1. Based on Cβ point charges of +1 for Lys and Arg and -1 for Asp and Glu, what charge dipole magnitude is obtained for the stretch 91-148 about its Cα centre, in debye rounded to the nearest 20?
2. Return 108, 135 ranked ascending by Cβ neighbour count within 10 Å, so the fewest neighbours appear first.
3. Please list, in chain and number order, the residues 5+ apart from residue 139 or on another chain whose amide H is under 5 Å from its amide H, with Hs placed from the backbone.
4. Quick one: work out Rg over Rh on the C-alpha atoms of the stretch 45-171, Rh as Kirkwood radius.
5. Could you state the number of Å between the C-alpha centres of the stretch 101-115 and the stretch 158-173?
6. List the residues, sorted by chain then number, that are 5 or more residues from residue 73 or on another chain and whose placed amide H is less than 5 Å from its amide H.
Amino acid sequence: MSTKLIRRALIASGLFIGTAVAFSPTAFAGTSDTVVLAGTVASTLTITATRKTGAGFANLLVLTGASEKIVKVADLAITTNNTTGYTLTASEGNLTDGAHGDTIAFQSATVADNATAPQSTDFTGTLGVFTDATSITTAGENDKDLYIKYTPSATQQAGTYGATITLNVADNS
């Protein structure tokens, strides 16, 4: 056999094998894939209360005279990354004279930072816990002012009165 014939046979068989491989189902097997990405951002929710001090404020409340008093007692800085907002709760109770046990009931309310002081009717009707469910659309700092309302007795027992307000914030769902 001549060399030319052998070459032609090899070329023809190579073309046939190449064509068979090119059009076989395995030649078009999966040529793409996917990578799934995921991550979690944890809730960041903080509150910082700065007590207002000075005559007539949190550390020097006016406890004489039988008139209702509404006093700003703290500046609140609440920061969240939850755009559905948060719920703030503030405890309410009694200013208590430790020596005699006499009390003056107080209620809590908040307003936006530097807004007009709340009116008497803005305070909750039941003494216990004040709740402020705040909706926000932008994450970040949301400042508020904390007020209390109280009415000392006309003949309030002499003494040193005190109380602690507990503040909590929780993400809205």
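1. Numbers: 1 positive and 9 negative charges, 26 e Å.
Magnitude of the dipole: close to 120 debye.
2. On the way: 108 26, 135 9.
In order of increasing Cβ crowding within 10 Å: 135, 108.
3. none
4. Working: Rg = 15.3 Å, Rh = 15.3 Å.
Radius of gyration over Kirkwood radius for the stretch 45-171 works out to 1.00.
5. 9
6. Amide H neighbours of residue 73, under 5 Å, 5+ apart: 146, 147, 148.
Any read-out appearing in this document is the output of simple, stated calculations on the displayed coordinates, not a laboratory observation. Keep in mind that what you see is a predicted model, and the values were worked out from it rather than measured. Neighbour counts run over all protein chains shown; Cβ positions are idealised from the backbone, glycine included.
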